[in-house]
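The block underneath contains the structure these notes are about, expressed in structure tokens.
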Amino acid sequence: DTEVTQTPKHLVMGMTNKKSLKCEQHMGHRAMYWYKQKAKKPPELMFVYSYEKLSINESVPSRFSPECPNSSLLNLHLHALQPEDSALYLCASSQGGADTQYFGPGTRLTVL
Amino acid sequence: AQKVTQAQTEISVVEKEDVTLDCVYETRDTTYYLFWYKQPPSGELVFLIRRNSFDEQNEISGRYSWNFQKSTSSFNFTITASQVVDSAVYFCALSGGVSGGYQKVTFGTGTKLQVIP
């Protein structure tokens, strides 16, 4: 059973809105991840917080901003998004290092 | 560079048939890990199995079995007596060395399995 939760399940926002996606894990993991998945494509890594250190996929635009308040919580702040940012956003967690990543149910984001 | 190839884009089978999903990988790492994930229409990626590069034993879990062959760089997944609930997209994935405290996972493009009742 997954112990990674994500809210909201669905989000519709306009290009001028500011919103946040939330992720919480209850497995005591020390690494958390944000992935973006477009339809019929594999997930693409956006950000990683591992032992509170942030690693960034350099291709991710600055309108996406991650935040990790503590080792159990991960937020993704969204601002001035574009319609092409519409996708499934998946959160994952792991112990870090070579450990398996466990995914949450995802947030389906639509940008109008 | 790492690469995972899932040549089968979509497969349709009739319920109770056996089906094998193919996965071929490329890596220069001597230590690496292979995974299979299931993604039903709901969207959640469900972890199925992880193998490390030093363990070539095949594994069976209920109706699921995995065949890992380093000689051919393949990690195939077989579902025996398929059921409608097996309908999903299945991703094969590969991870290698640790950098920055985590392993970057390379996903294949996925195989969509449709089980017809």
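Please say if chain A is rounded, prolate or oblate, where rounded means a/c under 1.5 for a ≥ b ≥ c the square roots of the C-alpha gyration tensor eigenvalues, and otherwise the choice is prolate for a/b larger than b/c and oblate otherwise? Cα axes put chain A in the prolate bin. Looking only at B:Leu34, B:Leu94, B:Leu45, which one moves most when chain B is put into a Gaussian network model with springs between Cα atoms under 10 Å? Judging by the Gaussian network model, the answer is B:Leu45.
Here the Karplus relation 6.51 cos²θ - 1.76 cosθ + 1.60, evaluated at θ = phi - 60°, turns the backbone of segment A:17-34 into coupling constants of 6, 10, 9, 9, 9, 10, 9, 9, 10, 10, 10, x, 6, 10, 10, 9, 9, 10 Hz, with x for every Gly and Pro.
When the Cα positions of A:Leu78, A:Ser55, A:His26 are compared along the charge dipole of segment A:21-95, A:His26 comes out farthest toward the positive end, with charges on each C-beta of Lys, Arg, Asp and Glu.
3J(HN,Hα) along segment B:11-23, derived from phi through the Karplus expression 6.51 cos²θ - 1.76 cosθ + 1.60 where θ = phi - 60°, amounts to 10, 10, 9, 8, 3, 5, 6, 8, 9, 10, 9, 8, 8 Hz, with x in place of Gly and Pro.
For the peptide B:46-54, the mean number of other protein chain Cβ atoms found within 10 angstrom of a residue's Cβ is 2. Taking a Cβ cut-off of under 12 Å around B:Ile49, the surrounding Lys, Arg, Asp and Glu residues balance to a net charge of +1, with basic ones at +1 and acidic ones at -1. Measuring nothing but how far apart in sequence close Cα pairs (under 8 Å, 6+ apart) lie, relative to its length, chain B scores a relative contact order of 38 percent. Highest average first, the peptides B:7-15, A:22-30, B:63-71, A:98-106 ordered by how many other beta carbon atoms sit within 10 Å of their residues are A:98-106, A:22-30, B:63-71, B:7-15. Other protein chain C-beta atoms within 10 Å of residue C-beta, averaged over B:93-100: 3. Overall, chain B carries a charge dipole of about 300 debye about its Cα centre when +1 sits on the Cβ of Lys and Arg and -1 on the Cβ of Asp and Glu, all other atoms neutral.
Size descriptors for chain B: radius of gyration and Dmax over Cα atoms are 14.1, 47 Å.
Where a number appears in this text, it was derived from the coordinates with a stated rule and is not lab data. These numbers were taken from a predicted model, which means no experiment stands behind them. Positions of Cβ are generated from backbone atoms using ideal geometry, with glycine treated the same way; all protein chains shown enter the neighbour counts.
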